[in-house]
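The values are calculated or read from the model by the stated rules, or taken from the named source; none is laboratory data. Quantities reported herein were computed from a predicted structural model and do not represent experimental measurements. Using ideal geometry, Cβ is built from the backbone for each residue, glycine included, and neighbour counts are taken over all protein chains shown. Remember, those area values only see protein heavy atoms, side chains included, never the ligands or the DNA or RNA. Shrake-Rupley method; radii C 1.70, N 1.55, O 1.52, S 1.80 Å.
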Amino acid sequence: MDFSRKAVLITGAGSGIGRATALLFAEKGAKVAINDLVAAKSEETLKVVKAAGAEGIAVPGDVALAADAERMVAETVKVFGRIDILVNNAGIILPGRVDNTTEEDWDKVMRINVKGLSWSPNTRSWP
């Protein structure tokens, strides 16, 4: 497929599946906005995307924070003019069982894996 006219925002793109997805979209011609909680990881993936000949930006931030999500969307739209594809890839797994998981760990997983997937770049709203 040709994604040369598409703008993509990928969360959790600093490593693993997110980084591989960013590279694949880059190779297919997309403009790629790369998010990771760790800014250095966003920048590392950006280098890979640019090495593939694609246009890209790093938009580090925490998907669990509404302000960060709003900023990521705004920066992507400012640079690319729109977002055509959103890849909600960011997520975590914490070791343990239900009977020994702390409330703090449970809340962290919910903030990232549930709340982090619930915003919309079209409405820029949260539930």
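Do any trypsin sites (Lys or Arg not before Pro) in segment 6-79 lie in a loop, going by DSSP, with at most 13 other beta-carbon atoms within 10 Å of their beta carbon, and if so which?
Numbers: sites: 6, 19, 28, 31, 41, 47, 50, 71, 78; in loops: 6, 28.
Of the trypsin sites (Lys or Arg not before Pro), not one in the loops of segment 6-79 has a Cβ with at most 13 other Cβ atoms within 10 Å.
Could you tell me how many degrees, from 0 to 90 and to the nearest 10, lie between the Cα long axis of helix 66-80 and the main elongation axis, the longest principal axis, of the Cα atoms of the chain?
Here the helix axis deviates by roughly 10 degrees.
Tell me, what is the per residue accessible area of the chain in Å², probe radius 1.4 Å?
Here the per-residue accessible area is 57 Å².
As a check on your grasp of the helix formula, calculate [θ] at 222 nm for the chain: sum -39500 (n - 2.57) over DSSP H runs of n ≥ 4, divide by the residue count, round to the nearest 500.
Working: 4 runs with 51 residues, N = 127.
After summing the helix terms and dividing by the residues of the chain, the value is -12500 deg cm²/dmol.
Given a 1.4 angstrom probe, I'd like the percentage of the accessible area of segment 1-85 that is carbon and sulfur, rounded to a whole number. Before the final figure, lay out each step's value.
On the way: 2350 of 4050 Å².
That fraction is 58 percent.
Under 16 Å from a label point 7 Å along Cα→Cβ of residue 15: give me every residue in segment 37-61 with its amide N that close.
It comes to 37-46, 61, nothing else.
Return the Rg/Rh value of segment 1-68, two decimal places, where both radii are evaluated on C-alpha atoms and Rh is the Kirkwood radius. Can you show the working numbers first?
Values: Rg = 11.0 Å, Rh = 11.4 Å.
For segment 1-68, the value is 0.97.
With both partners inside the chain, how many of the DSSP beta bridges are antiparallel, as a percent to the nearest 5?
Values: 1 of 11 bridges.
Bridges in the chain that DSSP calls antiparallel: roughly 10 percent.
Working from Cα positions, state the angle (0 to 90°, nearest 10) between the long axis of helix 16-27 and the longest principal axis of the chain.
Approximately 10 degrees, to the nearest 10.
Working out 0.36 nm times the residue gap between residue 39 and residue 107, then minus their Cα-Cα distance, what length gain in nm do you get to one decimal? Provide the component values of the computation, followed by the final result.
Values: separation 68, 0.36 × 68 = 24.48 nm, distance 2.31 nm.
Full extension from residue 39 to residue 107 adds 22.2 nm.
For a quick size check, give me the Cα extents of the chain along its three principal axes, largest first, whole Å.
Extents along the principal axes, in whole Å: 48, 29, 26.
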